[in-house]
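The values are calculated or read from the model by the stated rules, or taken from the named source; none is laboratory data. Keep in mind the model is a prediction, meaning the values are calculated, not measured. Heads up, the Cβs are rebuilt from the backbone with ideal geometry, glycines too, and the neighbour counts pull from every protein chain shown. Remember, those area values only see protein heavy atoms, side chains included, never the ligands or the DNA or RNA. Shrake-Rupley method; radii C 1.70, N 1.55, O 1.52, S 1.80 Å.
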Amino acid sequence: MILEVKPSRGLKGRVRVPGDKSISHRAALLGAMGQGVTRIEGFLESEDCLATLHCLSLLGTPIKRLGPGSYEIHGQGWDGFQEPNDVLNCGNSGTTMRLLMGVLAGQPIFSVLTGDASLRTRPMGRVIEPLRSMGAKIFGRAGDTRAPLVILGSGNLEGKTHLLPVASAQVKSALLLAGLRAKGITVVTEPGPSRNHTEVMLQQMGVPVRVDGLTIAVEGGTLPRGGQVIVPGDISSAAYLMVAAAVLPDSDITIENVGINSTRAGIIKVLQSMGADLQIEPLPGGGEPKANIRIRTSHLRATEIGGSIVPTLIDELPVLAVAAAFAQGTTLVRDAAELRVKECDRIAAVTQELGRLGVDIEERADGWVIQGGGSLTGGRVSGRGDHRIVMALTVLGLGMKSPVEIKDAEAISISFPEFVTTLKELGAEIEERAANPQDRQAI
Ligand code: S3P
């Protein structure tokens with residue numbers, strides 16, 4: 001699919017973004033591995049989260065769709081999952097694969113996990129190694145570092161203490177979920193604060209979790225108890241609309257019901273430090289904190305992003321690079337080497353594709369140096385089949401002087417299927433069209 005993005009201005013209106021991807025995955029997985037029925041409202045019906053539901057149903061979990069975003073998941077409890085009679089295909093979703101590894105390590109069944117070409121290049125040793133130290137039998141391609149993976153689940157896991165070399169919510173969550181079925185206590189210490197949705201949801205589902213700074217501990221023996229999970233809007237999806245409204249002239253939008261958990265809300269702090277005209281109106285209610293976010297056209301200033309804020313905005317860095325391209329001055333992004341092992345090498349992809357459109361951007365091993373305010377004239381780029389690259393390039397395209405064509409754009413359905421419709425509703429000019437053979441040669 002090709003996106004044709006035209007110079008736009010005057011984004012106006014109130015919109016919602018779809019449910020949070022991380023919370024949707026967790027609600028389905030914790031519901032399925034737990035006891036009783038979990039009712040989810042606001043579940044993100046995107047390819048990534050549907051991959052999680054597909055794997056869970058192959059594991060024998062009854063899943064009922066009650067309406068758009070509304071699901072009932074029947075917990076499989078201690079008797080656990082059925083051995084799947086097919087490979088569990090996690091698609092493009094690292095969260096599905098890594099969290100399932102933790103769930104399946106302690107189930108006495110045989111399973112094989114695979115994914116698309118991107119997921120099969122991503123590092124899995126970071127989960128395999130610590131799970132093995134707990135007694136799990138997991139094997140993978142490339143010396144036990146890549147999918148496809150084989151899991152020979154065991155009912156005899158033992159709790160261990162893990163010191164993670166990188167702040168990764170997926171690794172942390174896999175170990176905590178394995179810990180629920182292990183003997184004794186599983187302790188995870190992170191080098192920085194990654195998103196804490198697993199810890200929050202486990203507590204809401206009646207599992208005691210001890211959190212002391214960057215150390216989290218669970219004791220085996222208690223499974224999550226079903227109940228209701230209401231998923232707020234995804235701040236990572238809202239990020240594209242926020243940056244678009246900040247950089248396009250004459251814009252004033254409100255995004256309703258966005259999750260603002262502090263381990264995810266780094267983008268709000270960074271945009272504020274760049275001088276964005278941003279108002280946060282917190283909403284009442286239990287569970288994950290949420291707010292309406294109003295953002296208007298802003299004169300952005302350059303900033304520096306690095307250190308412990310990085311894991312709280314890791315998925316937003318491509319679109320923050322776009323914000324930096326429109327800001328006054330030189331923005332430095334560092335400590336973000338994790339971007340190289342996401343759905344694609346996002347440091348290289350952002351450097352090359354933004355550079356193609358005239359952005360003055362220099363690649364560093366762990367980030368970029370971006371000179372804002374250059375002359376941005378349009379052209380053709382590739383979304384690299386990575387949802388966050390496609391959406392960041394779209395925002396950049398809207399702010400250009402002439403149109404931008406983005407190929408390999410279908411990846412938006414990974415996390416934000418309504419992306420184009422939502423932007424159009426706000427007044428942006430974008431068209432989707434099927435790729436033809438000339439398009440394939442063009443870039
Ligand atoms: C996620 C964690 C992050 C993030 C990803 C979703 C999650 O990755 O980039 O999109 O749902 O746990 P890390 O595990 O590397 O933190």
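A few points about this structure:
- Along region 133-141 the Karplus relation, 6.51 cos²θ - 1.76 cosθ + 1.60 evaluated at θ = phi - 60°, assigns HN-Hα couplings of 5, 8, x, 6, 10, 10, 10, x, 5 Hz to successive residues, with x for each Gly and Pro.
- Positive dipole terminus of the chain, leading residue within A265, G140, T331 (C-beta point charges): G140
- Cβ-defined net charge surrounding G427, 11 Å radius [Lys, Arg +1; Asp, Glu -1]: -1
- Selected from L50, S22, T121, residue furthest toward positive end of dipole (region 21-230; charges at beta carbon): T121
- Across region 168-175, rounded Karplus estimates of 3J(HN,Hα) from the backbone phi angles (6.51 cos²θ - 1.76 cosθ + 1.60, θ = phi - 60°) give 9, 5, 5, 5, 3, 5, 4, 5 Hz, Gly and Pro being marked x.
- Two numbers describe the Cα atoms of region 21-230: Rg and Dmax, which are 15.3, 43 Å.
- Calculated mean residue ellipticity, 222 nm, the chain: -9000 deg cm²/dmol, from DSSP H runs (n ≥ 4) at -39500 (n - 2.57) each, averaged per residue and rounded to 500.
- Spin-label model, L152/A348: points 7 Å from Cα along the beta carbon direction are separated by 3.6 nm.
- Carbon and sulfur %, accessible surface of the chain computed with the full protein complex present, 1.4 Å: 49 percent
- Semi-axis lengths (Å, descending) of the ellipsoid that matches the C-alpha gyration tensor of the chain: 37, 22, 21
- Distant-in-sequence amide contacts of R380, defined by a placed amide H-H separation under 5 Å and a gap of 5 or more residues or a different chain, comprise E405.
- Overall, the chain carries a charge dipole of about 420 debye about its Cα centre when +1 sits on the Cβ of Lys and Arg and -1 on the Cβ of Asp and Glu, all other atoms neutral.
- Whole-number accessible area per residue in Å² for the chain, which is evaluated in the context of all protein chains at 1.4 Å: 36 Å²
- Extreme residue, positive dipole direction of region 21-230, given options G69, C90, G226 (C-beta unit charges): C90
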